[in-house]
1. If we scan segment B:69-78, do we find a residue that is at pLDDT 95 or above, exposed (fewer than 15 other Cβ atoms within 10 Å of the Cβ) and in contact with a Phe, Trp or Tyr (Cβ under 9 Å, 6 or more places away or on another chain)?
2. Among the numbered criteria (1) within 22 Å of A:Gln10 (Cβ to Cβ); (2) within 13 Å of chain A (Cβ to nearest Cβ); (3) surrounded by 15 or more Cβ atoms within 10 Å (Cβ to Cβ), which single criterion is violated by B:Asp25?
3. Just checking, which of B:Phe73, B:Phe82, B:Phe97 is in contact (Cβ under 8 Å) with a residue 24 or more places away in the chain and under 17 Å from B:Val130 (Cβ atoms)?
4. If the requirement is being among the β-branched types (Val, Ile, Thr) and within 11 Å of another protein chain (Cβ to nearest Cβ), which of these qualifies: B:Val50, B:Val46, B:Val18?
5. Suppose we keep only residues that are of a type in the set (A, V, I, L, M) and within 7 Å of chain A (Cβ to nearest Cβ) within segment B:149-167. Which one would you say is farthest from B:Asp44 (Cα to Cα)?
6. Please specify each residue of segment A:44-59 satisfying the condition of being surrounded by 18 or more Cβ atoms within 10 Å (Cβ to Cβ), in contact with a Leu (Cβ under 8 Å, 6 or more places away or on another chain) and over 21 Å from B:Ile150 (Cα atoms).
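The values are calculated or read from the model by the stated rules, or taken from the named source; none is laboratory data. Keep in mind that this is a model prediction, so the values were computed, not measured. Using ideal geometry, Cβ is built from the backbone for each residue, glycine included, and neighbour counts are taken over all protein chains shown.
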Protein chains: 2
Amino acid sequence: MKFNLTYTIQILNNTPQVIRNLLSDLPDELVHSNEGGDSWSPYDIVGHLVHGERTDWFPRTEIILSNKENKKFIPYDRFAQFEESKGKSLEDLLNEFSELRIENIHKLKNMDIDEEKLNMEGIHPEFGNVTLRELLSTWAAHDLTHIAQISRVLAKQYKEEIGPWIKYFDKLKA
Amino acid sequence: MKFNLTYTIQILNNTPQVIRNLLSDLPDELVHSNEGGDSWSPYDIVGHLVHGERTDWFPRTEIILSNKENKKFIPYDRFAQFEESKGKSLEDLLNEFSELRIENIHKLKNMDIDEEKLNMEGIHPEFGNVTLRELLSTWAAHDLTHIAQISRVLAKQYKEEIGPWIKYFDKLKA
């Protein structure tokens with residue numbers, strides 16, 4: 001698919017409500033369940049999205065579009081949520097995520113992003129030069145893969161209870 | 001996780017709204033995109049959920065709890081949606097799915113399902129004897145895996161546009 005800013009912002013716009021509904025009225029037993037070992041629970045994932053909203057996606061957009069000489073991104077901490085979410089309920093995190101996302105979309109829309117700006121670059125700590133188009137695409141894809149992850153974590157809690165049907169659910173076996 | 005009817009019904013209850021939000025205001029280009037070959041698009045998946053709602057999950061629940069001598073399930077047609085969805089918009093299918101799901105949950109709640117009923121059995125065309133507990137668990141897990149699938153199909157449309165970030169997205173490579 002060719003990149004389209006409107007669709008991409010629409011995906012970003014949909015995510016908080018999707019996750020809120022996916023976890024709506026589910027018990028702590030499910031919200032804090034994971035896929036074993038140090039894999040993430042739905043609660044951990046929402047905390048990760050909150051942190052990304054604060055420190056990753058939009059701040060990197062600003063760096064790319066800035067006049068700064070040094071457009072190097074600050075490395076992203078994929079484990080920050082384990083500290084930052086402490087003492088917060090899922091509801092707290094969902095509210096925080098929604099509010100930050102609304103604010104970021106609002107600022108994004110005010111940046112008059114056109115083809116020229118989409119081609120501007122920043123410097124990723126691992127990949128080197130990346131364009132704004134690639135960053136915004138990754139932001140949307142990142143949302144979607146975490147929605148898939150939350151759904152899979154919840155589904156996996158049923159892997160014993162579905163009995164012989166496990167045969168049809170390859171993704172739940174691991 | 002030990003099976004819990006209330007949580008399971010809550011998952012079934014959440015699904016229509018999750019999918020509606022996930023596809024909210026997305027263009028046909030995304031709604032009809034797939035993972036290549038004869039894989040399913042989000043539109044196909046919603047059609048499949050509508051068909052399941054009509055002919056699979058609840059009808060099988062009724063067979064298990066009935067007094068019929070023959071509790072054999074009717075084999076499920078995994079491809080029925082390609083005929084049945086013809087001429088329908090995504091909005092039509094989402095509305096149909098929501099309405100059928102509300103109705104099925106309502107009927108389910110009126111069946112006074114207890115431990116004894118959860119242990120009752122029907123005959124699956126491939127697996128033979130299966131319990132109501134297994135059927136209801138599979139119904140919820142099936143919802144969740146299709147939500148994950150829709151999210152993955154959408155994310156995959158970005159696999160070129162994310163550039164070097166593909167390295168972090170194993171699930172989008174295939």
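1. no
2. Checking B:Asp25 against (1) within 22 Å of A:Gln10 (Cβ to Cβ); (2) within 13 Å of chain A (Cβ to nearest Cβ); (3) surrounded by 15 or more Cβ atoms within 10 Å (Cβ to Cβ), the one that fails is (3).
3. On inspection, the qualifying residue turns out to be B:Phe73.
4. On the way: B:Val50 fails: within 11 Å of another protein chain (Cβ to nearest Cβ); B:Val46 fails: within 11 Å of another protein chain (Cβ to nearest Cβ).
After applying the criteria, what remains is B:Val18.
5. The residue in question is B:Ile162.
6. Within segment A:44-59, A:Gly47, A:Val50, A:Glu53, A:Trp57, A:Phe58 meet the criteria.
Table: residues versus (1) among the hydroxyl-bearing types (Ser, Thr, Tyr); (2) at pLDDT 95 or above; (3) closer than 20 Å to B:Val18 by Cβ.
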position	(1), (2), (3)
A:Asn14	no, yes, yes
A:Ile45	no, yes, yes
A:Pro59	no, yes, no
A:Lys86	no, no, no
A:Leu93	no, yes, yes
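Residue-wise test of (1) of a type in the set (D, E, K, R); (2) in contact with a helix residue (DSSP H, G or I) (Cβ under 8 Å, 6 or more places away or on another chain).
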site: B:Gln81; (1), (2): no, yes
site: B:Leu90; (1), (2): no, yes
site: B:Glu96; (1), (2): yes, yes
site: B:Asn110; (1), (2): no, no
site: B:Glu116; (1), (2): yes, no
site: B:Asn119; (1), (2): no, yes
site: B:Ile123; (1), (2): no, no
